[in-house]
1. Mind telling me which of the residues E49, E41 ends up being in a loop (DSSP other than H, G, I, E, B) and either under 22 Å from S12 (Cβ atoms) or modelled with pLDDT of 75 or more (or both)?
2. Among the residues of region 42-58, are any closer than 29 Å to V18 by Cβ and small (G, A, S)?
3. Within the set of pairs 6+ apart or on separate chains, which have a first residue in region 104-115 that is within 21 Å of K93 (Cβ to Cβ), a second that is of a type outside the set (A, V, I, L, M) and at pLDDT 70 or above, and C-beta atoms under 6 Å apart?
4. Determine which single condition G14 fails, assuming it passes every other condition in (1) touching a helix residue (DSSP H, G or I) at 6+ places or on another chain (Cβ under 8 Å); (2) not in a helix (DSSP H, G or I).
5. Within region 29-67, can you find the residues that are among the polar types (S, T, N, Q) and open to solvent by 80 Å² or more (accessible area, probe 1.4 Å)?
6. Looking only at region 56-115, filter to residues that are within 30 Å of A31 (Cβ to Cβ) and among the β-branched types (V, I, T); which one of those is modelled with the highest pLDDT?
7. Anything in region 1-28 that is surrounded by fewer than 10 Cβ atoms within 10 Å (Cβ to Cβ) and modelled with pLDDT of 85 or more? List them, or say none.
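The values are calculated or read from the model by the stated rules, or taken from the named source; none is laboratory data. All values reported here derive from a predicted model rather than from experimental measurement. Counting neighbours? That spans all protein chains shown, and the Cβs are built from the backbone with ideal geometry, glycine included. SASA here: full protein model, heavy atoms, side chains in, ligands and nucleic acids out. Shrake-Rupley method; radii C 1.70, N 1.55, O 1.52, S 1.80 Å.
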Amino acid sequence: MEEMSKTDFKISYGGPAVENGTMDVSDLAPALLAVGEIFREINKELNGERAEVKTNVVAVKEGCFDVILGVDQTLIQQAIDFLNSEEVAAALKLKALLFGTGGLIWFYKRLRGRDPKNVESLGKNRELYT
C-alpha cells in the first residue's frame with residue numbers, strides 16, 4: 001500500500017524581472033524547473049530510494065489549467081532601416097524578374113529547354129524572343 005503526502009503552495013516572483021507585470025518564459029521556465037529539482041534533491045537526501053517526489057502545476061479547475069502568455073516584438077531602428085533599404089528593394093525586384101509572370105523562370109519553362117528560333121530587337125536594350 002502506498003501512502004501519499006500532498007501539499008499545494010504558491011510562488012510569487014517580484015522585483016525588476018516582473019516590474020511591468022510580465023516575465024520572460026526563458027526566465028520563468030528554468031525557475032520552475034529549479035523548484036522541482038530542489039524538491040527532488042531534498043527528498044533524495046532525506047528519504048533515499050524510499051520515496052519519490054513530483055512537483056506539478058495545479059489546475060484551477062478540473063481538466064485544465066490556464067497560463068496566460070504575452071508575446072511582444074520590438075523592431076529596432078536598424079531592422080526598420082534594413083527593410084526600407086535599396087538592397088531589399090533590389091532583392092524584391094530580382095524575385096519578380098525571376099519568378100513573376102513573364103519572368104525568366106516562366107520564359108525558360110515556356111521554351112521547355114529549346115533555344116529561341118528568332119530574336120528581334122525592340123529598341124534600346126530590349127529584344128523579343130520567339
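1. Details: E41 fails: in a loop (DSSP other than H, G, I, E, B).
Just one listed residue meets the conditions, E49.
2. no
3. Close Cβ pairs (under 6 Å, with a partner that is of a type outside the set (A, V, I, L, M) and at pLDDT 70 or above) amount to I105/F99.
4. If we test G14 against (1) touching a helix residue (DSSP H, G or I) at 6+ places or on another chain (Cβ under 8 Å); (2) not in a helix (DSSP H, G or I), just (1) comes out false.
5. So in region 29-67, the residues among the polar types (S, T, N, Q) come out as 43, 47, 55-56.
Residue satisfying the conditions is N56 alone.
6. The qualifying residue modelled with the highest pLDDT is V57.
7. From region 1-28, those surrounded by fewer than 10 Cβ atoms within 10 Å (Cβ to Cβ) are 1-12, 14-16, 19-21, 26; that's our starting set.
Result: S26, single match.
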